[in-house]
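Engineer: A single structure is presented below for examination.
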Amino acid sequence: RKEVEQDPGPFNVPEGATVAFNCTYSNSASQSFFWYRQDCRKEPKLLMSVYSSGNEDGRFTAQLNRASQYISLLIRDSKLSDSATYLCVAVNTGFQKLVFGTGTRLLVSP
Amino acid sequence: GAGVSQSPRYKVAKRGQDVALRCDPISGHVSLFWYQQALGQGPEFLTYFQNEAQLDKSGLPSDRFFAERPEGSVSTLKIQRTQQEDSAVYLCASSLGGGSGETQYFGPGTRLLVL
């Protein structure tokens, strides 16, 4: 079983839709969490950090539930340019390496 | 400013050949990471340097994989006697300090195909 698990998708949504991705992690020592975005044949780029209190950046909202070891990403008013793979990432206490999920692929269509 | 650069961008090797992949981190970044990304998967950690010290090499899949960062800047990942299962994208990332959870900036990757 992978340490960080995601539904690989793809999620096919029309422009303007709201879409949510979920991610679970199995290591209780995980302390920091992120969502990265990866476009086809490109490198991953940091989208946003995830905090227990929840955080919002424009159309994107991320949430962490430590009790359930669950992370979410909500995208409102989807744009064509949101089409990408969204990678859920954990960092364990005392370590620097990123632990990635498989990624969830999003396709936004006109 | 310049980001992380990697070379070559593409490499085709015959099985059994040795390859060397180069990473130029962002200037002044203390930490440097190598990840391997197989098709359809998320990146998997290989190794981590803080300056010239290799502090974590737990992700290297076999003793055919070797990484170095002799002057604390440029890093090279070497794969000896390449196998078909080594075909993947090799990503390098750097971060400013050595703290846990710092933002890592990725290079464009080297796409390795072993025939």
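The values are calculated or read from the model by the stated rules, or taken from the named source; none is laboratory data. Because the structure is a prediction, the values reported are computed rather than measured. No Cβ is skipped: glycine too gets one built from the backbone with ideal geometry, and neighbour counts run over all protein chains shown.
Engineer: Do the conditions hold for A:L46, that is, is it assigned to a strand (DSSP E or B), surrounded by fewer than 18 Cβ atoms within 10 Å (Cβ to Cβ) and more than 14 Å from every other protein chain (Cβ to nearest Cβ)?
Structural biologist: So A:L46 does not fit the description; no.
Engineer: Among the numbered criteria (1) within 12 Å of another protein chain (Cβ to nearest Cβ); (2) modelled with pLDDT under 95, which one does B:G72 miss?
Structural biologist: (1)
Engineer: Could you tell me which of the residues A:E3, A:E15, A:E56 is among the acidic types (D, E) and within 13 Å of chain B (Cβ to nearest Cβ)?
Structural biologist: The match here is A:E3.
Engineer: Considering only residues that are surrounded by 18 or more Cβ atoms within 10 Å (Cβ to Cβ) and without any contact (Cβ under 8 Å) to a residue 12 or more places away in the chain, which ones fall in region B:1-52?
Structural biologist: Listed by number, the list holds a single entry, B:G42.
Engineer: For residues that are among the small types (G, A, S) and at positive phi, tally how many sit in region A:29-83.
Structural biologist: Going through region A:29-83 one residue at a time, the tally reaches 2.
Engineer: Still on this model: So which residues in region B:70-103 are within 15 Å of B:D24 (Cβ to Cβ) and either among the acidic types (D, E) or buried (at least 21 other Cβ atoms within 10 Å of the Cβ) (or both), if there are any at all?
Structural biologist: Once the filter is applied, which keeps residues that are within 15 Å of B:D24 (Cβ to Cβ) and either among the acidic types (D, E) or buried (at least 21 other Cβ atoms within 10 Å of the Cβ) (or both), region B:70-103 yields B:E71, B:S75, B:L77, B:Y90, B:L91, B:C92, B:A93, B:S94, B:S95.
Engineer: Would you call A:A62 touching an Asp or Glu at 6+ places or on another chain (Cβ under 9 Å), more than 11 Å from chain B (Cβ to nearest Cβ) and in contact (Cβ under 8 Å) with a residue 40 or more places away in the chain?
Structural biologist: In short, no.
Engineer: With the structure loaded, tell me whether A:C23 is more than 23 Å from B:L32 (Cα to Cα), touching a residue at least 40 places away in the same chain (Cβ under 8 Å) and within 14 Å of chain B (Cβ to nearest Cβ) or whether it fails that test. I'd like the intermediate steps shown before the answer.
Structural biologist: On the way: more than 23 Å from B:L32 (Cα to Cα): yes; touching a residue at least 40 places away in the same chain (Cβ under 8 Å): yes; within 14 Å of chain B (Cβ to nearest Cβ): yes.
So A:C23 fits the description; yes.
Residues are listed down the side, and each one gets a yes or a no for (1) more than 14 Å from the chain's Cα centre (by Cα); (2) within 12 Å of chain A (Cβ to nearest Cβ); (3) part of a loop (DSSP other than H, G, I, E, B); (4) not hydroxyl-bearing (S, T, Y):
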site: B:Y35; (1), (2), (3), (4): no, yes, no, no
site: B:Q41; (1), (2), (3), (4): yes, yes, yes, yes
site: B:Q54; (1), (2), (3), (4): no, no, no, yes
site: B:C92; (1), (2), (3), (4): no, yes, no, yes
site: B:L113; (1), (2), (3), (4): yes, no, no, yes
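Engineer: Here are some residues: A:S78, A:S68. Which one is part of a loop (DSSP other than H, G, I, E, B), away from chain B (no Cβ under 14 Å), buried (at least 17 other Cβ atoms within 10 Å of the Cβ) and not β-branched (V, I, T)?
Structural biologist: On the way: A:S68 fails: buried (at least 17 other Cβ atoms within 10 Å of the Cβ).
The match here is A:S78.
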